[in-house]
1. Just to be sure before I move on: is B:R168 under 22 Å from B:I53 (Cα atoms) and basic (K, R) in the structure I sent?
2. Can you tell which of B:A186, B:A198 is surrounded by 14 or more Cβ atoms within 10 Å (Cβ to Cβ) and at pLDDT below 95?
3. Return only the number of the condition from (1) within 14 Å of chain A (Cβ to nearest Cβ); (2) more than 16 Å from A:D60 (Cβ to Cβ); (3) of a type in the set (D, E, K, R) that B:R153 does not satisfy.
4. In the stretch A:172-193, which residues are more than 10 Å from A:V156 (Cβ to Cβ), of a type in the set (S, T, Y) and out of contact with any Lys or Arg (no Cβ under 9 Å at 6 or more places or on another chain)?
5. Determine whether A:E148 is farther than 30 Å from B:R50 by Cβ and at the interface with chain B (Cβ under 10 Å from one of its Cβ atoms).
6. Would you mention how many residues in the stretch A:27-75 are in a loop (DSSP other than H, G, I, E, B) and either in contact with a Lys or Arg (Cβ under 6 Å, 6 or more places away or on another chain) or in contact (Cβ under 8 Å) with a residue 60 or more places away in the chain (or both)?
7. Closer than 18 Å to B:F20 by Cβ and either surrounded by 24 or more Cβ atoms within 10 Å (Cβ to Cβ) or not small (G, A, S) (or both), is that true of B:C117?
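The values are calculated or read from the model by the stated rules, or taken from the named source; none is laboratory data. Source: prediction; values computed, not measured. Neighbour counts run over all protein chains shown; Cβ positions are idealised from the backbone, glycine included.
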Protein chains: 2
Amino acid sequence: MSDAKVIEPKVIGPRSGAAFLLGAGEILTVTDPQGCQVADLLAFAAHDVREVISNGRTFDYEETISLTTGNRLWSNRSRVLLEIVEDTVGRHDFLLTPCSEATFRHFYPDKPVHRGCFGNLAAALSPYGIEEDAIPTAFNLFMNVPVEQDTGRISVIPPTSVAGDLIRLRAAEDCVIGLTACSAYASNGGSFKPIHYAIQPAPAPV
Amino acid sequence: MSDAKVIEPKVIGPRSGAAFLLGAGEILTVTDPQGCQVADLLAFAAHDVREVISNGRTFDYEETISLTTGNRLWSNRSRVLLEIVEDTVGRHDFLLTPCSEATFRHFYPDKPVHRGCFGNLAAALSPYGIEEDAIPTAFNLFMNVPVEQDTGRISVIPPTSVAGDLIRLRAAEDCVIGLTACSAYASNGGSFKPIHYAIQPAPAPV
């Protein structure tokens with residue numbers, strides 16, 4: 001890799017979000033620069049944004065709710081949009097929807113309301129023609145949501161990620177990506193931190 | 001209840017589906033008449049079908065993935081659409097998407113392809129202006145999908161429901177309901193059976 005260009009990461013500030021194109025074969029690296037932060041990720045097929053990652057399809061085809069290196073993220077049309085090619089954490093969530101004004105009112109009635117990852121994703125994705133109602137359950141990077149086997153009860157506890165931990169996902173085709181630095185108290189142990197990301201070009205055809 | 005009208009149940013034949021309106025306050029009873037059958041259920045807000053039940057919002061607000069009497073089904077707009085008011089089984093799934101042509105090809109490559117619950121829901125919901133891509137993860141009544149706590153692995157095993165078992169859901173507002181008698185082999189132990197449903201009117205205002 002000595003001839004690889006150094007890719008300067010982009011910064012998603014605390015409690016904000018971004019959207020961008022990820023071309024087929026490109027690899028998205030999402031880094032938790034300080035540790036213990038969550039990033040909600042969405043992927044839509046760029047050629048038709050009605051196609052979007054689906055937790056239900058992904059759980060079905062991957063036969064697990066715990067996704068890590070080698071697992072793929074499937075769309076509502078039963079096609080692969082992203083593949084996880086590296087993961088230094090191994091603990092992510094695909095059960096819960098992005099925090100929003102409504103979830104702030106519900107879970108944190110004594111704290112100021114924030115538009116949350118949902119509002120940040122909606123704002124960032126709007127230029128791509130994606131409406132609020134089309135935002136499904138996100139793949140929540142580094143989010144730590146244990147499920148009790150006997151009762152089904154879930155809890156949201158601080159991520160196990162430490163500074164510099166990362167996950168890498170390769171696009172199976174051209175995607176519109178939505179990505180946040182999470183705004184909720186519980187998901188990151190009450191500390192709002194940035195998220196870094198970088199895009200590595202697809203290898204040149206042989 | 002001696003003056004209550006006997007409500008004749010409607011029958012959803014094996015491997016088929018239906019869609020209908022459920023008014024605010026009405027109670028939908030879904031019965032497994034022979035036992036060990038699954039029914040995929042969807043609910044959309046009748047006034048704007050872009051609002052639909054969301055497993056992620058429901059897991060978040062109910063703080064469990066195991067839903068039974070007293071739990072509510074929340075929409076992508078953080079509002080309650082249905083409440084479970086009775087449940088003789090206590091074992092349902094909200095993790096997996098409806099079986100479809102693609103899932104038949106994936107999981108049963110040696111068996112004939114069927115349009116599955118997805119195709120049945122899409123056909124039944126089409127007159128209500130609901131497109132295929134708007135079909136999210138369904139609430140799969142009687143479906144038995146254990147999750148291993150340590151690994152996150154899931155499996156689809158036969159339902160625990162016996163003949164006559166039922167679940168009752170009250171509409172918090174006018175809904176479009178989609179409902180199937182499941183078409184997949186694994187979800188019902190390889191036996192395709194009908195599903196019955198009935199709608200009980202809302203109580204008269206006092």
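1. When the stated conditions are applied, B:R168 passes them.
2. Testing whether each residue is surrounded by 14 or more Cβ atoms within 10 Å (Cβ to Cβ) and at pLDDT below 95 leaves just B:A186.
3. (2)
4. Answer for the stretch A:172-193, where residues must be more than 10 Å from A:V156 (Cβ to Cβ), of a type in the set (S, T, Y) and out of contact with any Lys or Arg (no Cβ under 9 Å at 6 or more places or on another chain): just A:S191.
5. In short, yes.
6. Step one: of the stretch A:27-75, the residues in a loop (DSSP other than H, G, I, E, B) are A:33-34, A:36-38, A:46-51, A:54, A:63, A:65-71.
When the remaining residues are screened for being either in contact with a Lys or Arg (Cβ under 6 Å, 6 or more places away or on another chain) or in contact (Cβ under 8 Å) with a residue 60 or more places away in the chain (or both), the result is A:33-34, A:36-38, A:46-47, A:49-51, A:54, A:65, A:67.
Total satisfying the criteria: 13.
7. yes
The rows are residues; the columns are (1) among the hydrophobic types (A, V, I, L, M, F, W, C); (2) within 21 Å of A:E83 (Cα to Cα).
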{"site": "A:D165", "(1), (2)": "no, yes"}
{"site": "A:A186", "(1), (2)": "yes, no"}
{"site": "A:S191", "(1), (2)": "no, no"}
{"site": "A:A198", "(1), (2)": "yes, yes"}
{"site": "A:P201", "(1), (2)": "no, yes"}
